[in-house]
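As structure tokens, the structure follows; a few thoughts come after it.
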Amino acid sequence: DQQVKQNSPSLSVQEGRISILNCDYTNSMFDYFLWYKKYPAEGPTFLISISSIKDKNEDGRFTVFLNKSAKHLSLHIVPSQPGDSAVYFCAASEEGGSEKLVFGKGTKLTVNP
Amino acid sequence: DSGVTQTPKHLITATGQRVTLRCSPRSGDLSVYWYQQSLDQGLQFLIQYYNGEERAKGNILERFSAQQFPDLHSELNLSSLELGDSALYFCASSVGSITGELFFGEGSRLTVL
């Protein structure tokens, strides 16, 4: 069973517009969520995280929103840039990160110039 | 550069064989994690070591084993290889035993023919 789901395998947006990547989870014990970005031939790199005590966390052009009641989080990238083209993984863990990270399958974002 | 080094980068072998993947964590990081990424799959957690001790276990097959040495480098041993073991194997490290933000290596791509 997939505890972290990224239902959109791919997303294409125009440069300068907003990119919204979505993630749903089923495990109500998850309380720490992260987004990772992965370029081809590289390992995933940490992008932004959010604890379940918050509903929003912002870092520059990247904002993560958490809706606990809906078990849903989203990553907003504004404005999108061609360099943002990558695969984005949503990940979650229980007990503030003391348990293993569970990853989604990823969403491939393409930002067109 | 995440500071996590994985070798080899690519490996091609035959079914039934045994291979060893090696990982050197970032300087100062005590935790090492192994993840498997198969085609169209997310990152599947295999196992975590913290300061030489096994800390958490995921969906790791009995044919697979790992260890972390006193110098904190880790090895993942895959034996009796099957076609389905073909995947990208990522190593990640973190400072403590709490998962949180992980730093990933570039991965070892294993192809079993």
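Key figures
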| read-out | value |
| --- | --- |
| Accessible area that becomes buried as A packs against B, both chains, 1.4 Å probe, Å², nearest 100 | 1500 Å² |
| Between the stretch B:69-108 and the stretch A:52-88, the alpha-carbon center distance in angstrom | 27 Å |
| A:Gln14-A:Met29 pseudo-label distance in nm [points 7 Å out on the Cα-to-Cβ vector] | 4.7 nm |
| Over chain B, relative contact order from alpha-carbon pairs under 8 Å, at least 6 apart, % | 37 percent |
| Relative contact order for chain A, counting Cα pairs under 8 Å that sit 6 or more residues apart, in percent | 37 percent |
| Computed magnitude of the charge dipole of chain A (debye, nearest 20; Cβ of K, R +1, Cβ of D, E -1) | 260 debye |
| Span per principal axis, largest first, for the Cα atoms of the protein assembly as shown (Å) | 48, 36, 34 |
| Rg to Rh quotient for chain B, alpha carbon positions, Kirkwood Rh | 0.94 |
| Tail beyond 18 Å, pair distance distribution of chain A (Cα, percent) | 45 percent |
| Mean separation of Cα contacts under 8 Å, 6 or more apart, over the residue count of the stretch B:1-63: relative contact order % | 22 percent |
| All lysines inside 24 Å of A:Lys105 as judged from Cα atoms, apart from same-chain residues fewer than 8 positions distant | A:Lys5, A:Lys37, A:Lys38, A:Lys56, A:Lys68, A:Lys71, B:Lys9, B:Lys57 |
| Note, ³J(HN,Hα) from phi for the stretch B:64-77, Karplus 6.51, -1.76, 1.60, rounded to Hz, x at Gly and Pro | 9, 8, 9, 7, 10, 8, x, 7, 6, 6, 10, 10, 10, 9 |
| Inter-label distance for A:Ser69 and B:Leu113, nm, one decimal - labels placed 7 Å from Cα along Cα-to-Cβ | 5.8 nm |
| Carbon and sulfur %, accessible surface of chain A computed with the full protein complex present, 1.4 Å | 48 percent |
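The values are calculated or read from the model by the stated rules, or taken from the named source; none is laboratory data. Please read all numbers here as calculations on a predicted model, not as lab measurements. Positions of Cβ are generated from backbone atoms using ideal geometry, with glycine treated the same way; all protein chains shown enter the neighbour counts. Heads up: the accessible areas ignore ligands, DNA and RNA and are worked out on the full protein's heavy atoms, side chains in. Shrake-Rupley method; radii C 1.70, N 1.55, O 1.52, S 1.80 Å.
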